[in-house]
Amino acid sequence: MTDGAGRRRVSRPARQARLRVAVHQQVRLGSAELVPDVDTAGSWLLFIDGVPQSGVDLDDPGYLEFEYVRRIGHVADLVFPAGEPLRALHLGGGALTLPRYLAHTRPGSRQLVAELDDRLTDLVRRHLPLPAGHRIRVRAADARAVVESARETSYDLVIADVFAGAVTPGHLTTAEFAAATARALRPGGVYAVNVAAGQSSSRGTTPRDRSDKNFTISDMQTLDGARSAVATIRSVYKETCVIAEASVLRGRRRGNLVIVASDKPLPEAALGRAAAGDPFPARVVTGEDLSRFVSGARVVTDAAIALAPGDANNAASPDASPQSTNW
């Protein structure tokens, strides 16, 4: 997701123009709009309540519009042998950008998408049809319920990008949820997570030095909340790294972190080269640098989320309304 701060790639020359018009429809999460991208014929942008959610190029599914989505693409490209079909679980659907990407770059991949908003899925499928021969299934269900119902060691790749408004629903941020994703992955499988990171907290206390054990919505929107997300995933996965722009890592602006985790070593050097070569260069943070980044950050648990006051999205309920973004 961009949530107002994500970075798009530089524009490309438009191909032959076609007559295209925007499509508006009310979906379960709000007002959805599919808008032709003026930069490129065949490209569309999905907005929910005016916030950009996904970019799709029907003519070139290998093109990834938003920078952080491109970084997740690097993960899939570099962790697994080129062209090898994958079994992938996508938590959050949006316009199905990454499922299309994997179907294009890895034909035969079997993919399941957990997207709670069935009306949004219907809109996308109707106006942005999936390619012929795809093996993509979309299930209108809560992401945690889908992960917990998955058979052990059934996926090569789990990608999480689920938001309610500007934050990830609390029940998808805990160590218990991360453990459920680990159970769903085969040995050597990868969990890739998009996390929104705000500027460093300006309050007198932060989630790292608060005396209470609970997190609230405002905590999760700060850079400290992003650090906590990394610490939580590191508590479950032996190998973890973070991909983000330097200004986001330093808390100077709002943006996105991509957390990559596995039980086996990750191709950190190759990921670093790929991220550094993007139009908006990013860093890969690993090892001691990552330990310093998360130093003092709390590991979030189901118990802490359940007790956190004032957050209706924290309950692990299939009736929650996650705003899935940017696929």
For this session: Please list, ordered by first then second residue, the pairs with beta carbon atoms under 8 Å, 6 or more apart or interchain, first in segment 139-156 and modelled with pLDDT of 95 or more, second basic (K, R) and in a strand (DSSP E or B).
Result: V146/R139; T153/R186; S154/R87; S154/R186; Y155/R87; Y155/R186; D156/R87; D156/R186
Problem set entry | Pairs where the first residue, in segment 247-268, is acidic (D, E) and the second is not in a loop (DSSP other than H, G, I, E, B), C-beta under 8 Å, 6+ apart | D263/A182; D263/L185; D263/P187; D263/G188; D263/G189; D263/E239; E268/C241; E268/V284
Exercise. Can you find a residue in segment 39-53 that is buried (at least 18 other Cβ atoms within 10 Å of the Cβ) and of a type in the set (D, E)?
Worked result: no
Exercise. Which members of segment 78-98 meet the condition of being more than 16 Å from the chain's Cα centre (by Cα) and either buried (at least 23 other Cβ atoms within 10 Å of the Cβ) or not in a strand (DSSP E or B) (or both)?
Worked result: L78, V79, F80, P81, A82, G83, E84, P85, L86
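Condition check ((1) within 26 Å of V35 (Cβ to Cβ); (2) within 16 Å of the chain's Cα centre (by Cα); (3) aromatic (F, W, Y)) across all residues:
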| position | (1), (2), (3) |
| --- | --- |
| H127 | yes, no, no |
| R137 | no, no, no |
| A141 | no, no, no |
| F177 | no, yes, yes |
For this session: Look at L290 and say whether it is at pLDDT 85 or above, touching a strand residue (DSSP E or B) at 6+ places or on another chain (Cβ under 7 Å), closer than 23 Å to G92 by Cβ and not charged (D, E, K, R).
Result: no
Exercise. Which one of V162, V124 is touching a Pro at 6+ places or on another chain (Cβ under 7 Å) and at negative phi?
Worked result: V162
For this session: Looking only at segment 57-67, decide whether some residue is in a loop (DSSP other than H, G, I, E, B), farther than 17 Å from V124 by Cα, of a type in the set (D, E, K, R) and at pLDDT below 90.
Result: no
Exercise. Of the numbered conditions (1) modelled with pLDDT of 95 or more; (2) surrounded by fewer than 15 Cβ atoms within 10 Å (Cβ to Cβ), G204 satisfies every one except a single condition; which is it?
Worked result: (1)
Exercise. Can you tell me which of N256, N314 is assigned to a loop (DSSP other than H, G, I, E, B) and at pLDDT below 95?
Worked result: N314
Exercise. Can you spot a residue in segment 232-250 that is farther than 23 Å from L86 by Cα, within 17 Å of the chain's Cα centre (by Cα), at pLDDT 95 or above and of a type in the set (S, T, N, Q)?
Worked result: yes
Exercise. Taking the condition charged (D, E, K, R), under 23 Å from S31 (Cβ atoms) and not in a loop (DSSP other than H, G, I, E, B), does R126 pass?
Worked result: yes
Exercise. Does segment 224-248 hold any residues that are outside any loop (DSSP other than H, G, I, E, B) and touching an Asp or Glu at 6+ places or on another chain (Cβ under 6 Å), and which are they?
Worked result: G225, C241
For this session: Select from segment 259-274 the residues that are of a type outside the set (S, T, N, Q) and part of a strand (DSSP E or B) and list them in ascending order.
Result: I259, V260, A261
Problem set entry | Failed item in (1) at pLDDT 80 or above; (2) surrounded by 15 or more Cβ atoms within 10 Å (Cβ to Cβ), with V21 passing the rest | (2)
Seminar exercise, completed: For segment 94-128, the count of residues that are of a type in the set (V, I, T) and touching a residue at least 60 places away in the same chain (Cβ under 8 Å) equals 3
For this session: State whether the residues of segment 101-115 include one that is touching a helix residue (DSSP H, G or I) at 6+ places or on another chain (Cβ under 6 Å), within 27 Å of E67 (Cβ to Cβ) and either of a type in the set (D, E) or surrounded by fewer than 21 Cβ atoms within 10 Å (Cβ to Cβ) (or both).
Result: yes
Exercise. Has segment 31-42 got any residue that is assigned to a strand (DSSP E or B), among the polar types (S, T, N, Q), at pLDDT 90 or above and more than 28 Å from R135 (Cα to Cα)?
Worked result: yes
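The values are calculated or read from the model by the stated rules, or taken from the named source; none is laboratory data. As the structure is a computational prediction, the values presented were derived from the model and not from experiment. Cβ coordinates were reconstructed from backbone atoms using ideal geometry, including for glycine residues, and neighbour counts include every protein chain displayed.
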